[in-house]
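Chemist: Have a look at the structure that comes next, please.
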Amino acid sequence: MNFKEKLSQWQVQVNQSLKKCLPSGDVHPERLHQAIRYSLDAGGKRLRPILVLAAHELFPNEQNPMPAALAVECIHTYSLIHDDLPAMDNSDLRRGLSTCHKAFDEATAILAGDALQPIAFELLARGYRDDPLLGMDLVSILAQTAGSQKLVGGQMQDLISEGKQPDAENLYYIHENKTAAMIRASLEMGFRIGGMGEDDDRMSKIQEAGTALGHAFQAVDDLLDVTSSSEELGKDAHHDSEQGKVTWVTLKGEHAARELAADYTERARHALEALGGDLSFLLDLTSYMLNRKN
Ligand code: GRG
């Protein structure tokens, strides 16, 4: 199977498993479950769950990585729903559809995001009952990553930095926590499920790869915001400049942002190459993430 076939096979599997694991829209309170389903079914590239599956596949074992892949996607989707709210980025378009608060209402969107968080942790608790130490380890990684010093902290810093003087150190902090932390955690969780948690050298290499891949991803995101249309992106284009956000593009220009994305991708590839195992899918995924169009 080539890269594109495997990517799309995993995307389909993630989508089907999400459908099976989450309450359907006719479960009471229907409106809440319809809003959760709406945002998850809207699609998205499913990059974070695929990173979990791909990292597990490097040194695979009998353990199923899918519950962790779904848990990561639930946290990611909640963060997008909340990020789009009027109190935050105030966006109208997400994953090619109206944002959750536009399609439903603000209160429902807040609650849909809230509900996705315990769903994520329940997926981990239930999915790894046969190996409680692994389950607790995964809960701990995801809780820390989604918490006040990573995802939420990065978002807070992003919001309070709007319209402020550009500052590369601050921008790095925002990207590290808002974006790279979830990408790194996805790789780390897949690797731990594959039983590689005790291998400190390899663990630090996969963390290094995740960090670099996360920063590359954000630099590409900054570029796409200025070079693509809302139609191509499936979300509001030119949003960063309208919100007065500092990005690599506003700080250093398009050319430098492109170089930065390529440089971080190269660093990620270098760290991955030190791991061994069959790296072909993960290496192709780094190129796909660098060259993505949405
Ligand atoms: C609200 C706690 C909280 C956090 C929000 C996710 C996020 C933090 C903000 C979204 C805005 C943004 C541009 C974030 C950085 C990059 C990012 C996470 C983009 C969206 O991820 P994709 O492109 O989306 O993987 P899909 O829809 O494909 O899953």
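Chemist: What size of dipole, in debye to the nearest 20, comes out for region 1-116 about its Cα centre when the only charges are +1 on Lys and Arg C-beta atoms and -1 on Asp and Glu C-beta atoms?
Modeler: Dipole size: approximately 400 debye.
Chemist: Let me spell out the model: positive unit charges on the Cβ of Lys and Arg, negative unit charges on the Cβ of Asp and Glu, origin at the Cα centre of region 3-290. What dipole size does that give, in debye rounded to 20?
Modeler: Approximately 500 debye in magnitude.
Chemist: Would you report the distance distribution of C-alpha pairs in the chain as whole percents per 5 angstrom bin, up to the bin with the largest distance?
Modeler: Over the chain, the share of Cα pairs per 5 Å bin runs 1, 6, 12, 17, 19, 18, 14, 9, 4, 1, 0 percent.
Chemist: Whose amide H sits under 5 Å from the amide H of Asn90, counting only residues 5 or more places off or on another chain, with H placed in the peptide plane?
Modeler: Leu85
Chemist: To continue, here is another question. Percent of accessible area on region 88-231 owned by carbon and sulfur, 1.4 Å probe?
Modeler: Percent of accessible area from carbon and sulfur atoms in region 88-231: 51.
Chemist: With N set to the residue count of region 165-242, report its C-alpha Rg divided by 2.2 N^0.38 Å to two decimal places.
Modeler: So region 165-242 has a normalised radius of gyration of 1.35.
Chemist: What accessible area per residue comes out for region 3-290, rounded to a whole number of Å², with a 1.4 Å probe?
Modeler: Value for region 3-290: 44 Å² per residue.
Chemist: Quick one: net charge of Asp41's neighbours, Cβ under 11 Å, K/R +1, D/E -1?
Modeler: Taking every Cβ under 11 Å from that of Asp41, the sum is +3.
Chemist: Taking a 27 Å limit on the Cα-Cα distance, which of the listed pairs Lys164/Lys235; Lys45/Lys205; Lys19/Lys205; Lys102/Lys164; Lys6/Lys245; Lys45/Lys178 fall beyond it?
Modeler: Violating the 27 Å limit, Cα to Cα: Lys19/Lys205; Lys102/Lys164; Lys6/Lys245.
Chemist: Let me ask something else. Going through the DSSP H helices of the chain, which span 20 Å or more along their own axis at the Cα atoms while scoring at least 0.5 as a mean Kyte-Doolittle hydropathy?
Modeler: Long hydrophobic helices here: 66-83, 106-127, 132-146.
Chemist: Simple spin-label model, 7 Å along Cα-to-Cβ: Ser148 to Met136 in nm?
Modeler: 2.4 nm
Chemist: Would you mind counting up the charge near Gly163? Only other residues with Cβ under 13 Å from its Cβ, with Lys and Arg at +1 and Asp and Glu at -1.
Modeler: -3
Chemist: Report the net charge of residues surrounding Leu134, where surrounding means a beta-carbon distance below 14 angstrom and charges are Lys +1, Arg +1, Asp -1, Glu -1.
Modeler: -3
Chemist: Mind ranking 249-257, 100-108, 116-124, 44-52 by how tightly packed they are, going by the mean number of other C-beta atoms within 10 angstrom, highest first?
Modeler: 44-52, 116-124, 100-108, 249-257
The values are calculated or read from the model by the stated rules, or taken from the named source; none is laboratory data. Just so it is clear, the model here is predicted, and its values are computed rather than measured. Here the Cβ is made from the backbone with ideal geometry for all residues, glycine too, and neighbour counts use every protein chain on show. With ligands, DNA and RNA removed, areas are computed over all heavy atoms of the protein, side chains included. Shrake-Rupley method; radii C 1.70, N 1.55, O 1.52, S 1.80 Å.
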